[in-house]
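The values are calculated or read from the model by the stated rules, or taken from the named source; none is laboratory data. Everything numeric in this text was worked out from a predicted model, so none of it was measured. Note that each Cβ is placed from the backbone with ideal geometry, even for glycine, and that neighbours are counted across all protein chains shown. Keep in mind that these areas ignore ligands, DNA and RNA; they rest on the heavy atoms of the full protein, side chains included. Shrake-Rupley method; radii C 1.70, N 1.55, O 1.52, S 1.80 Å.
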Amino acid sequence: MAPAASRLRAEAGLGALPRRALVRYLLLLRLYPVLTKAATSGILSALGNFLAQMIEKKRKKENSRSLDVSGPLRYAVYGGKTPQPSPPRWGGGGFWPALKMNWRVWTPVQFININYVPLQQF
């Protein structure tokens, strides 16, 4: 069944865009490794904030379509910065809920990263 599905995808042209995007990403990663990783980190941080807002709205059963745009922008800027060593800040309160949500969101991402990203990219 898998060969037939891949043949159908190839005939329909599906999968070409992700493949081209991956090739382009790997090229940029080779040419500009720090800038590419910083941009990727910023995008993933903003996406994480956006998803957290969506999940929170769903949990509270809010029907409003408005999102806090400044949140993902702040996370994109903060996530896209090149790392600077700084002392850790310990906050109280929502540690366990945040940790559990972290496990739910990032475990599948890390699974894909470990199993499908070429080793030379680490």
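Points to keep in mind about this one:
- Of the candidates Trp96, Trp106, the single residue that is at pLDDT below 85 and aromatic (Phe, Trp, Tyr) is Trp96.
- Tabulated pairs, the range 43-59, first under 17 Å from Leu99 (Cα atoms) and in a helix (DSSP H, G or I), second open to solvent by 60 Å² or more (accessible area, probe 1.4 Å) and charged (D, E, K, R), C-beta under 8 angstrom, 6+ apart or interchain: Asn49/Arg74; Gln53/Asp68
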